[in-house]
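Worksheet for the structure shown next.
The values are calculated or read from the model by the stated rules, or taken from the named source; none is laboratory data. Owing to the predicted nature of the structure, the values given are computational and were not obtained by experimental measurement. Cβ atoms come from the backbone with ideal geometry, glycine included; neighbour counts cover every protein chain shown. Remember, those area values only see protein heavy atoms, side chains included, never the ligands or the DNA or RNA. Shrake-Rupley method; radii C 1.70, N 1.55, O 1.52, S 1.80 Å.
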Amino acid sequence: MSKSENKIGVVQLTIITIVNMMGSGIIMLPTQLAQVGTISVLSWLVTAAGSTALAFAFAKCGMFSKKSGGMGGYAEYAFGRSGNFMANYTYAVSLLIANVAIAISAVGYAAVLLEVNLSPMAICLATIGVLWLATVANFGGARITGRVSSVTVWGIILPVIGVSLIGWFWFDIDLYKGAWNPHDMPFFKALGGSIAMTLWAFLGLESACANSEAVDNPEKNVPIAVMGGTLGAALIYIVSTNVIAGIVPNAELASSNAPFGLAFAQMFNPVVGKIVMACAIISCTGSLLGWQFTIAQVFKASADEGFFPKVFAKVSKADAPIWGMTIIVSIQTLLSLMTISPSLSKQFEALVNLAVVTNIVPYILSMAALGVMQKQLKVPANKARVANVIAVIGALYSFYALYSSGETAVMLGAIATFFGWTIYGVISNKTPGVEIKAA
């Protein structure tokens, strides 16, 4: 058997890319977008274009970079070890926040499924309970976690694809038109009002090019698969959220804590809606199980590099970073308490905006580093030029998404980032391998 026969082809990689991006991130989006109106389809188009530019640039970074550490390794080409730290630190913070949003999504669907009304404090406590449950379940190691997550993710992907394909039989064009701009927002405010939410659905696009070694003809197939996967996910996102807007009245959709369950209840009957809700809860829980372990591994890898405190590098006999997991979920507990809001959707929105802001920092660092990376590795100018132009487009979109995330999210994200510089200053003073060298 030839080596190429053991490699992943472009079609397989494209499918993997779509599945990696989809999952628990979409299950609350119809509710959030309904609060702006169906004009949010324009935000989807802007984000699809921006995410495709980011995906292409990340594919190039993944092929050219000779440094380990993902986005941290990319950033190091232009910004040195401090850039590596900041990319990994803000990415880790973003994942930490995003998991709280995933837990809230599971709580929202569970509340509707069980037909209970939860107060803001009850939502917060339930969210904390889900986070601790997912964390403790990981104390035994990663063997089961990966398998569970790979299966449960289909609990939401299948309903999303299903509503995209068959939802048109229940689609009411007049209902859709009536929800175009229900609050009469100015055009650019309406456009920007959904940018952070739509980018939330694409977070993780940078991970699609992480295993280029396992791909047949990676220089050609990785960019094709990453861009194709991003566009494929964009198509599914746009179709599913917009077809639901033509099935469920805007006011009902905007106030729902389980929009996909509500849509299937409208299409068929309440029993089918509850089945979809149950599948979404399973998907969220499985996703959270995997991501809680992933965050701990991200912190552990950074601790091994000397970037984070050594406590995050300690592992149990099952090779699980239990101390790190406990610290992380404790921080998430405080974050859940700090973001208590009048409604579940408001708390979800606040967390998503903050997760997007902190995740944009490593995106911008990576986009800025691509040109330096290609120059250092002596990539021919004609090949480098196209990638550099697309990286600039990706960076411009990132800044627009940052601006659209709102003052509060940007302020809190800035505080988190500045706190990171403080941590780096302390660690670099103690760890010789992380010292800042004078020019």
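Annotation for region 265-313: chymotrypsin sites (Phe, Trp or Tyr not before Pro) lying in DSSP loop with at most 15 further Cβ atoms inside 10 Å of their Cβ are Phe268. Once you reduce region 266-321 and region 224-250 to the center of their Cα atoms, the two points are 24 Å from each other.
Within the assembled protein chains, the solvent-accessible surface assigned to Lys177 is about 130 Å², based on a 1.4 Å probe.
When the surface is traced with a 1.4 Å probe over the full set of protein chains, Thr422 keeps roughly 80 Å² accessible.
Close amide H partners of Phe308, meaning residues 5 or more places away or on another chain with modelled amide H under 5 Å apart, are Ala303. The value of relative contact order for the chain, using C-alpha pairs under 8 Å at least six residues apart, is 34 percent.
Accessible area per residue (1.4 Å probe, heavy atoms of protein chains only) ranks Phe56, Phe419, Phe202 as Phe419, Phe56, Phe202, with the largest value leading. Our coupling estimate for region 363-371, obtained by passing each phi through the Karplus curve with A = 6.51, B = -1.76, C = 1.60 and θ = phi - 60°, is 4, 5, 4, 5, 4, 5, 7, 4, x Hz, Gly and Pro reported as x. Ordered by solvent-accessible area of protein heavy atoms (1.4 Å probe), largest first, the residues Val410, Val389, Val357 come out as Val389, Val410, Val357.
Remark: accessible surface ordering of Tyr363, Tyr176 (largest first) is Tyr176, Tyr363, probe radius 1.4 Å. Using a ≥ b ≥ c from the Cα gyration tensor of region 33-100 (square roots of the eigenvalues), is it rounded, prolate or oblate, where a/c under 1.5 gives rounded and otherwise the larger of a/b and b/c decides, a/b for prolate? Oblate.
Its relative contact order, with pairs defined as Cα atoms under 8 Å and 6+ residues apart, puts region 234-366 at 12 percent. For Ile390, the solvent-accessible surface with a 1.4 Å probe is about 40 Å², rounded to the nearest 10. With θ taken as phi - 60° and the Karplus curve 6.51 cos²θ - 1.76 cosθ + 1.60 applied, the whole-hertz 3J(HN,Hα) list for region 245-252 is 5, x, 10, 10, x, 4, 4, 5 Hz, x standing for glycine and proline.
With θ taken as phi - 60° and the Karplus curve 6.51 cos²θ - 1.76 cosθ + 1.60 applied, the whole-hertz 3J(HN,Hα) list for region 193-206 is x, 10, 4, 4, 5, 6, 5, 3, 5, 9, 4, x, 4, 5 Hz, x standing for glycine and proline.
Relative to the longest principal axis of the Cα atoms of the chain, the long axis of helix 407-430 makes an angle of roughly 30 degrees. Principal-axis analysis of the Cα atoms of the chain puts helix 270-304 at an angle of about 10° to the longest axis.
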